[in-house]
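*Asks:* Take this structure first; my questions come after.
Just so it is clear, none of the values below were taken in a lab; they were calculated from the coordinates. This is a predicted model, so every value here is computed, not measured. Cβ atoms come from the backbone with ideal geometry, glycine included; neighbour counts cover every protein chain shown.
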Amino acid sequence: MKIALFGASGFLGTKLKKNFVEKGYNVLGVDFQGNSEFKIDATNINEVTSFMEKEKPDFVINTIGLTSSLECEKDHKKAKLLNYETAKNISESSKKIDIPLIFFSSSYVFDGKKGNYSEEDKTSPLNEYGVTKVLAEKEILSLKKGIILRVDIMYGFNGTKKPNGIFQRVLLNEEIGISEPEQIRHPLFVDDLPRIIINLVNQKKYGTLHIAGPDKINMKKFILSLGKIIKNKKIIKKEKFGKSIKIPHNSTFNLSKLKSLGIKTSSLEEAKKIIKKQINSEQL
């Protein structure tokens, strides 16, 4: 099976590529940075279409995005370009060759006033990041074979010399700025995603799905918990971004649909044990 993976050199893309390759899939790594097999500008519809029509993958995964709420608020044009235009281009190209497309969205499409959001709840983003994700979702929903995976904060370990998302600062014993320490999150262990994606594609489960770990935890406790993996205790600082950025207090998911599909995700404690083993095995 041939998989086109857009954003292959990012935190999520790196994890997906490694896992799929190990399982024998033919992964076409796509990235604008040029450190993947295919250097393609996803903001250019002609480049995307040409690649897709030539390679004809069995399905596509789009992990491209400007995920920093701060950066999105500072530059609305850049946020729309990377979070919406790229999704639109990949969506249109997937439609032309009639293949499934997996798109990663966010819990930030909700305002966070009530939490426990289901797939049927109306979107109500508070900031530009959420707004651009909602726009992108509309493109994916127009596809017969579109899969929108809404996820909350993801964490995991790819290797000391590879992108590790939020865990990177923990590894480096750096302080992590949190604007809302009491913000309630639904952390997702990134290692769970490869098997979930294959499961959904094989069963042709198109549409929107909320994916998260079983733990609901505030940001302060979550970061401190990650710090315990490497005994890093001094890693949190309060950051003030001003009134320009509104952060949803509780945009956690209702996971009933996920559970109805027989899909289980790792708890924070289970994931921490796996991450510790991954770090130790790298050091051997």
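*Asks:* Once the other residues with Cβ under 10 Å from the Cβ of residue 253 are scored (Lys, Arg +1; Asp, Glu -1), what is the net sum?
*Replies:* 0
*Asks:* Mind checking which helices in the chain clear 18 Å along their axis (Cα) and have mean Kyte-Doolittle hydropathy of -1.0 or more, DSSP H runs only?
*Replies:* Span-like helices here: 128-141.
*Asks:* Further question: Assuming 0.36 nm per residue, please report the length gained on full extension of the stretch residue 50 to residue 221 beyond their Cα-Cα distance.
*Replies:* Full extension of this stretch gives 56.9 nm more.
*Asks:* Pull up the cross-link candidates among the aspartates and glutamates for residue 122, meaning alpha carbon to alpha carbon under 18 Å and not fewer than 8 places away within one chain.
*Replies:* In chain and number order, the partners are 111, 137, 139, 152.
*Asks:* While we're here: Mean shadow of the stretch 95-143, computed from the convex hull of its alpha carbons, in nm²?
*Replies:* Across all orientations, the stretch 95-143 yields a mean hull projection of 3.8 nm².
*Asks:* For residue 173 and residue 161 in one chain, what is 0.36 nm times their gap in residues minus the Cα-Cα distance, to one decimal in nm?
*Replies:* 2.8 nm
*Asks:* Of (i) 138; (ii) 157; (iii) 123, which one was derived for volume of the Cα convex hull per residue in Å³ from the structure shown?
*Replies:* Evaluating volume of the Cα convex hull per residue in Å³ on these atoms matches (iii).
*Asks:* How much length is gained on full extension from residue 96 to residue 182, taking 0.36 nm per residue of separation minus their Cα-Cα distance?
*Replies:* Gain in length upon complete extension: 26.5 nm.
*Asks:* Which FRET efficiency, nearest 0.05, do residue 236 and residue 43 yield, Cβ-Cβ r, R0 30 Å?
*Replies:* Calculated value: 0.25.
*Asks:* Determine the alpha carbon to alpha carbon distance for each of 221/257; 145/259; 96/145; 23/54 and list only those over 19 Å.
*Replies:* As for pairs spanning more than 19 Å Cα to Cα, those are 221/257; 145/259; 23/54.
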